[in-house]
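Working notes, beginning with the structure itself.
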Amino acid sequence: MPEIWSRISLVRRNAYSDDVDEERLLFTLDIFLDRALQHPLTVNMDFDEPCRALTRLINHVHRFSSFTYESEGYGLSILTSYLSHPSSNFPLLEGLSGQIRNEVLEMFAHTAPKLKDLVLSSITTHDSSEIFLFAQLLHLEFYYPYVHEIHTLMDSNHHLVSLKTEISQLDEDETLPIPTICGTIHTLTLCHDPMTWQDYSVLPYLTLPSLTTIHFERNLFYERRAKMVEPHIRQVSIADLNYRSRIFNVTLMQLRCTGLNVGASTFNDGSVVDMIRSRWIPGKRNASSSRESEPQVDCLREFTIRFRNREEAKGVYEPLEDMDRDGMRVVVLWGN
């Protein structure tokens, strides 16, 4: 069935690609495009350099029904230049998600007449004018909200039925808010991020007389981005962090040695045990280094975890002790 082939994810990383990889990518992409026939496409892009596969896929933008791109920096500039071409037209596009610059957003406003679902990391201009060109928009999701954006949004989008944003707004204005009425929104989702400043809420700025459903959830916008595969790192040590490190979005295919230094008084021991056991693959320890026999995921050889502020929890790490007897080096330390 053509819809099976209509979901395409294009990921291109210069550091891990060569001409052979690009030929394989083109071959695979052509298979998907041919077998999808003229079925509308769901497309996800993440890349950091120009490539022929990108050109090939951009030639089919008239078939895009959903489009997500995760590119940042140089990759985003490349995509902007592609999409800004006068011939770009998105007659079927209903869903758009990504870090979208104002000039590209304005281009979509004029070339995507059916767009109903828009997800942005943030609104990139202080006048926010581009976002309000989408008169047909039904769902909007954006982060880092400012009061003026909320006001303009409520005043300009008279068909919006669903809004998702952060519960904290970024203005530090201590004057009494002027509530803005939006009578069309039925569903409001407010995201909470424990790492952000919480003193300035968006709630006093919203008056939603038609609201029937409200959701509160953790902000997962950056955690759901496409994961990067790192094929070379073999050793990682992690101590307590008070910020979100990009390392948690990386799959370490060849990891052999890892350690955790934990200061928390509570800990999800079971998840760590399951994680370590999932990477204990003794049959892959002596795999040949040739490309054909190289294991996709290497066997973990060594794991150390130190708890600075916990008393010993009897028995929880016994499964790892069994692995230690089978050849993995496992060290669990308690207290100071």
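The values are calculated or read from the model by the stated rules, or taken from the named source; none is laboratory data. Because the structure is a prediction, the values reported are computed rather than measured. Cβ sites come from the backbone with ideal geometry, for glycine too, and all protein chains shown count toward neighbours.
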Quiz item: Somewhere in the range 279-287, is a residue over 30 Å from Ile167 (Cα atoms), within 26 Å of the chain's Cα centre (by Cα), at pLDDT 55 or above and outside the structural domain of Ile8 (by TED's automatic domain parsing)?
Solution: yes
Exercise. Kindly indicate whether Arg7 is crowded, with 19+ Cβ neighbours inside 10 Å and modelled with pLDDT of 75 or more.
Key: no
Quiz item: Pick from the range 296-311 the residues that are surrounded by fewer than 15 Cβ atoms within 10 Å (Cβ to Cβ), more than 18 Å from Val236 (Cβ to Cβ) and not acidic (Asp, Glu): which of them is modelled with the highest pLDDT?
Solution: Asn309
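Matching residues to (1) under 15 Å from His139 (Cβ atoms); (2) touching a Gly at 6+ places or on another chain (Cβ under 8 Å); (3) at pLDDT below 75; (4) buried (at least 16 other Cβ atoms within 10 Å of the Cβ):
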{"position": "Ser168", "(1), (2), (3), (4)": "no, no, yes, yes"}
{"position": "Pro177", "(1), (2), (3), (4)": "no, no, yes, yes"}
{"position": "Pro194", "(1), (2), (3), (4)": "no, no, yes, no"}
{"position": "Gln198", "(1), (2), (3), (4)": "no, no, yes, no"}
{"position": "Leu203", "(1), (2), (3), (4)": "no, no, no, no"}
{"position": "Pro209", "(1), (2), (3), (4)": "no, yes, no, no"}
Quiz item: How many residues, within the range 12-53, are modelled with pLDDT under 85, outside any helix (DSSP H, G or I) and out of contact with any Leu (no Cβ under 9 Å at 6 or more places or on another chain)?
Solution: 5
